[in-house]
Amino acid sequence: MILIAGGLVIDPGHVEGSVDVLIDHGKIVAVGRDLVGQARHEVCEQINASGLLVLPGLVDLHVHLREPGFEYKETIATGTAAAVAGGFTTVCCMPNTKPVNDSVQATTWIRDRARATGVANVYPIGAITKGSKGGELNDFLALKAVGCVAVSDDGNPVMDDDVMRRAMRLAAEAELPVIDHCEDRNLSGCGCMNEGPVSRALGFRAMPFRSEDRMVERDICLAKETGVRLHVAHVSTEGTVEAVRRAKEQGIAVTAEVCPHHLLLTDDVVREQGANAKMNPPLRSERDREALIKGVADGAIDAIATDHAPHAEYEKQWGMDRAPFGIVGLETALGLTLRLVHEGRFSLERAVVCLTSAPASLVGLSKGTLMPGADADLTFVDPEAIWTVDPGRFHSKARNTPFAGWTLKGRVVRTLVAGKTVFTRETGEQ
C-alpha cells in the first residue's frame with residue numbers, strides 16, 4: 001500500500017482539500033482525512049505531499065509519438081518520458097506514423113511497443129482513411145477491437161464531403177469519436193502562417209481563418225446528420241469557438257480542444273521565432289486568442305491538448321516555407337496553462353478538468369480521476385516552483401519550441417502511473 005498525505009488534492013467534482021490518498025495494487029482505494037490511522041498497519045510506503053498539489057494524472061488527447069517510421073524525431077520511449085515529466089500519465093497518439101496506423105497490425109504493434117518501452121499509458125488513434133489519403137475508409141470496428149479509442153486523419157483533412165459523411169456513419173456505428181483536423185486545403189494551400197498583417201509584412205504565404213471555419217461548419221452539419229461524436233482538434237479561431245458553442249446549444253455531440261500555444265501566442269511571434277512558431281493550424285490574431293481563452297473558461301472548449309509534434313533540429317532550420325509544422329508541448333503544457341490561471345483568465349479547477357477528466361471522457365477512458373477504484377495515476381505539482389523553459393533539458397528528443405527562456409510558475413515534481421513512481425524531479429533542478 002501507498003499513502004499520500006499532506007497535499008492539496010484537486011479532483012474537481014469529486015474532492016478538493018487537504019485529504020489523504022490511499023493506493024493498493026495500482027488502484028485508488030480511499031480518499032479522505034486521517035487515513036494514516038486507518039492504514040497504519042498496512043501501509044508499506046508513505047509519500048509526503050506537503051506543499052504540493054495532488055492531481056489526477058494528466059491526459060493528452062493529441063500527441064505525435066512518431067514511432068514507427070520517424071524515430072529520429074521521437075520514439076514511444078522518449079515521448080512517454082517527456083509525458084510523465086510534464087505530468088501526463090495518459091497520451092493518445094495520432095496515426096500519422098510510417099506506416100500510417102490504419103490497420104489491426106499497425107495498432108497492435110504500437111500497443112505492444114508502448115507496453116514494452118513506454119512509461120505512460122498509450123492509447124492509439126486509428127486513421128479514418130487508408131494511408132490517411134482521404135479515400136478508402138478503414139475498418140473502424142477492427143481498429144476499436146485492438147485498442148483504438150478514436151479515428152482521425154490528423155494532419156490530413158478529409159476533403160471529400162461524401163467520404164467524411166460515410167466515415168462518420170461508420171464511426172457512429174462503432175461508437176468511436178471522430179477527431180478532425182479542420183482545414184480546407186483549397187483555402188490554406190501552401191500557406192505557412194496565419195493570413196494577416198504579419199504575413200503580409202513578412203511576405204509569407206498565408207492560411208486564412210476561413211480555412212478552419214468552413215471545415216468546422218461542414219463537419220458540424222455532418223455530425224448532426226450522422227449522430228457521430230465529433231471532436232474538433234486544435235481549435236485556433238474565434239469562428240470555430242462560436243460554431244462549437246452554437247452546436248452544443250443545439251444538442252449536437254460536438255466537443256473541442258485547444259493547445260497552450262494558441263492560448264498564449266499570436267502570429268506576431270513569427271517575427272522572432274520563425275519556424276519554431278510554425279504550426280498547423282497557425283498562430284492566429286489577438287482576437288482569436290481571446291476567444292479561445294473565453295471558450296476554455298465558459299466550457300465551449302472542453303479540453304487542453306498539446307499537439308506534441310517533435311521534429312529534428314535541422315528540419316526547423318529549413319525556414320518558414322520548408323520547415324515542418326509543429327512544436328513540442330508535453331513538458332511545457334501544464335506550466336503554460338498555470339500561467340493563464342495566475343493571470344485570472346480561468347480557474348485552477350477549470351484547468352485541471354481540461355487536462356484530466358474532460359479529455360479522458362471524450363475518448364471513453366476511465367482516467368483523469370482519483371475516485372476509489374480508479375487507476376492510481378497521479379501528478380504532484382509544486383505550485384510555487386519558478387522555472388525557466390530550457391529545451392536542452394527536455395526528455396523529448398526534440399527541442400522545437402517557441403517558449404525557450406520563458407519563466408513559469410508551477411511545475412511537476414512527481415508522477416505516478418498505476419501506483420508506480422515513473423518520474424521525480426531533483427530538488428533544485430531548473
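Among the candidates V146, V163, V158, the residue that is buried (at least 19 other Cβ atoms within 10 Å of the Cβ) and either touching a residue at least 24 places away in the same chain (Cβ under 8 Å) or touching a strand residue (DSSP E or B) at 6+ places or on another chain (Cβ under 6 Å) (or both) is uniquely V158. Quick one: in region 47-66, which of the residues that are on the phi < 0 side of the Ramachandran plot and part of a loop (DSSP other than H, G, I, E, B) is surrounded by the fewest Cβ atoms within 10 Å (Cβ to Cβ)? That would be S50. How about region 236-262: which of its residues are under 18 Å from the mean Cα position of the chain (by Cα) and either among the acidic types (D, E) or surrounded by fewer than 22 Cβ atoms within 10 Å (Cβ to Cβ) (or both)? If the condition is that a residue be under 18 Å from the mean Cα position of the chain (by Cα) and either among the acidic types (D, E) or surrounded by fewer than 22 Cβ atoms within 10 Å (Cβ to Cβ) (or both), then E257 is the only one that fits.
Just one of the numbered conditions (1) under 24 Å from P359 (Cβ atoms); (2) surrounded by fewer than 21 Cβ atoms within 10 Å (Cβ to Cβ); (3) without any contact (Cβ under 8 Å) to a residue 40 or more places away in the chain is not true of G69; which one? Here G69 clears every test but (1).
When the test is whether a residue is over 19 Å from the mean Cα position of the chain (by Cα), over 25 Å from L141 (Cβ atoms) and not basic (K, R), A206 passes it.
When you check S152 against the structure, is it buried (at least 24 other Cβ atoms within 10 Å of the Cβ) and modelled with pLDDT of 95 or more, yes or no? In short, yes.
Here R33 clears all of (1) touching a residue at least 40 places away in the same chain (Cβ under 8 Å); (2) among the basic types (K, R); (3) touching a strand residue (DSSP E or B) at 6+ places or on another chain (Cβ under 9 Å) except the condition numbered (1).
Among the residues of region 210-227, is any surrounded by 19 or more Cβ atoms within 10 Å (Cβ to Cβ) and part of a loop (DSSP other than H, G, I, E, B)? No, region 210-227 has no match at all.
The values are calculated or read from the model by the stated rules, or taken from the named source; none is laboratory data. Quantities reported herein were computed from a predicted structural model and do not represent experimental measurements. Counting neighbours? That spans all protein chains shown, and the Cβs are built from the backbone with ideal geometry, glycine included.
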